[in-house]
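Read through the structure below, which is laid out as structure tokens, and then see the notes.
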Amino acid sequence: MNNLKEQEYWSQRYKEARTGWDIGYPSTPIKEYIDQLKDKTISILIPGAGNAYEAEYLWKQGFTNVFIMDISEIPLEEFKRRNPDFPEEQILHKDFFEHEGQYNLIVEQTFFCSLIPTDENRNAYAKHMASLLKPTGKLVGVWFDFPLTGDMENRPFGGNRELYLKYLEPYFKGQTFERCYNSIPPRQENELFGIFKKI
């Protein structure tokens with residue numbers, strides 16, 4: 001994947017405000033999952049975080065070990081403006097595939113669906129996600145549930161449960177992966193919520 005090309009693509013989308021995925025607050029399925037977490041010291045990564053409303057929510061709930069990452073600097077600067085007390089070293093402007101670290105939890109907010117949907121990219125996503133998790137770590141979040149088209153510019157891309165599992169199952173054991181019951185109205189019937197434990 002061409003890192004510079006990807007960075008330019010996403011930065012242009014933010015500059016043009018072509019951010020239909022951005023709802024302006026944490027998505028309900030992820031917020032309700034966060035509300036069940038008890039240990040506020042766990043290390044959490046949100047890749048492809050964009051404006052990172054989920055991270056903002058976590059931070060305000062007292063989770064101190066939250067890291068956000070995006071290939072474009074534009075949403076990260078906006079996040080800093082909204083959250084001036086958030087630690088600078090936990091804001092990562094970099095390519096997910098070049099990141100190294102170990103986390104208890106990775107929050108997936110349709111990041112998978114932002115990647116060009118080649119077998120190579122999707123396999124690399126699953127493999128790298130697993131490498132970033134501690135032995136008992138979890139990948140938790142939301143994947144879009146609508147048909148995958150051949151339009152390479154119409155991101156985010158879709159997929160379905162069976163397709164995603166094809167890539168995830170070599171590295172993860174699914175604890176749940178079902179149609180979201182608590183999606184926001186515009187996304188009803190178009191989201192899957194999953195909890196995956198590293199194998």
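Here, each number is a calculation from the coordinates, and none is a lab measurement. What you see is a predicted model, and the numbers here were worked out from it, not measured in a lab. Ideal geometry is used to build each Cβ from the backbone, glycine not excepted, and the neighbour counts take in all protein chains shown.
Once both labels are positioned 7 Å from their Cα atoms along Cα-to-Cβ, the gap between N190 and T176 label points is 2.3 nm. For the pair E73 and K31, the difference between a 0.36 nm per residue extended length and the Cα-Cα distance amounts to 12.7 nm. Of the residues N123, N83, N104, the one that moves most in a GNM of the chain with alpha-carbon contacts below 10 Å is N83. With each label modelled as a point 7 angstrom along the Cα→C-beta vector, the A124-E89 pair spans 2.9 nm.
Relative contact order for the chain: 19 percent, from Cα pairs under 8 Å spaced at least 6 residues apart, divided by residue count.
Label zone of Q12 (point 7 Å out along Cα→Cβ, amide N under 15 Å): in segment 62-99 this covers 72. For segment 133-150, putting each phi into the Karplus relation 6.51 cos²θ - 1.76 cosθ + 1.60 with θ = phi - 60° gives couplings of 9, 5, x, 9, x, 10, 9, 9, x, 10, 10, 6, 10, 8, x, 7, 9, x Hz, in residue order, rounded to whole numbers and with x for Gly and Pro. For K134, a cut-off of 18 angstrom between C-alpha atoms picks up these aspartates and glutamates, skipping any fewer than 8 places away in its own chain: D39, E98, E100, E108, E169.
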